[in-house]
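The values are calculated or read from the model by the stated rules, or taken from the named source; none is laboratory data. All of these numbers come straight from a predicted model, not from anything done at the bench. Every residue, glycine among them, receives a Cβ derived from its backbone with ideal geometry; neighbour counts consider all protein chains shown.
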Amino acid sequence: MKSRKLPHSLLLPLVLFTFSAHAADTPVEKSTFERGRYLVGVGACNDCHTPGFNEAAGKIPPDQWLTGSTVGFQGPWGTSYPVNLRLYMQKVTEAQWLARVRQPMRPPMPWFNLRDMTDRDLIAMYRFVRALGPAGEPAPAAAAPGEAVTTPYFEFVPKNLPKQARR
């Protein structure tokens with residue numbers, strides 16, 4: 001018998017209505033799920049937290065979204081990695097999420113954008129990611145400045161700065 005795969009275009013509706021058995025304790029309202037999905041998209045969360053997203057021009061199915069990355073960002077702060085949000089959201093409550101995303105984070109995470117969002121929007125993002133269910137492996141732990149890493153990384157250090165900008 002020939003096996004058939006679901007087209008990617010059907011995956012999101014399937015997720016919308018099934019909300020993974022491993023996911024949230026209670027079903028997420030469709031409007032909240034859609035709002036969270038929208039905010040994750042326009043917030044560019046997938047750019048760093050979904051492997052291959054930029055290279056595929058965003059054509060990655062939602063079941064592969066937000067699983068973190070082993071490609072780090074290295075700068076004066078050390079080396080940081082995009083966390084696997086699918087695993088992280090399963091471990092924290094909404095209240096813990098709201099508190100955490102309003103605290104400073106390692107670069108290049110634009111935590112200040114999250115800090116300035118409404119609770120309603122942040123909760124929609126939380127519920128969307130949590131409803132996707134756990135997937136993937138944890139991202140590597142951050143490395144201190146000067147600590148060698150064996151993973152690929154982007155060097156996040158400006159070059160050729162004007163003299164007045166150098167310190």
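When you check GLN103 against the structure, is it at pLDDT 95 or above, among the polar types (S, T, N, Q) and surrounded by 13 or more Cβ atoms within 10 Å (Cβ to Cβ), yes or no?
No: the conditions fail for GLN103.
Looking at (1) more than 14 Å from GLY75 (Cα to Cα); (2) of a type in the set (D, E, K, R); (3) modelled with pLDDT under 95, find the lone condition where LYS159 falls short.
Of the numbered conditions (1) more than 14 Å from GLY75 (Cα to Cα); (2) of a type in the set (D, E, K, R); (3) modelled with pLDDT under 95, the odd one out for LYS159 is (1).
Take the residues in the stretch 47-66 that are in a helix (DSSP H, G or I) and over 15 Å from TRP111 (Cα atoms); name whichever of them is modelled with the highest pLDDT.
Here the answer is GLN64.
Among the hydrophobic types (A, V, I, L, M, F, W, C) and under 22 Å from ARG37 (Cα atoms), is that true of VAL129?
yes
Within the stretch 29-74, how many residues turn out to be surrounded by fewer than 18 Cβ atoms within 10 Å (Cβ to Cβ), under 26 Å from ALA143 (Cα atoms) and out of contact with any strand residue (DSSP E or B) (no Cβ under 7 Å at 6 or more places or on another chain)?
7
Could you give me the residue pairs with C-beta distances under 9 Å whose first residue belongs to the stretch 73-100 and is closer than 21 Å to ALA144 by Cβ, whose second residue is assigned to a strand (DSSP E or B) and among the acidic types (Asp, Glu) wherever it lies, and which are 6+ apart or on separate chains?
Pairs found: PHE73/GLU155; GLN74/GLU155; GLY75/GLU155.
Give the stretch 111-137 a look and list any residue that's surrounded by 13 or more Cβ atoms within 10 Å (Cβ to Cβ) and not in a helix (DSSP H, G or I), or say none.
Within the stretch 111-137, MET117, GLY133, PRO134, ALA135, GLY136 meet the criteria.
Only residues in the stretch 41-59 that are touching a residue at least 60 places away in the same chain (Cβ under 8 Å) count as the first member; pair them with residues that are loosely packed, with under 12 Cβ neighbours inside 10 Å and not in a loop (DSSP other than H, G, I, E, B), Cβ under 8 angstrom, at least 6 apart or cross-chain, and list the lot.
Matching pairs, first to second residue: GLY43/ASN113.
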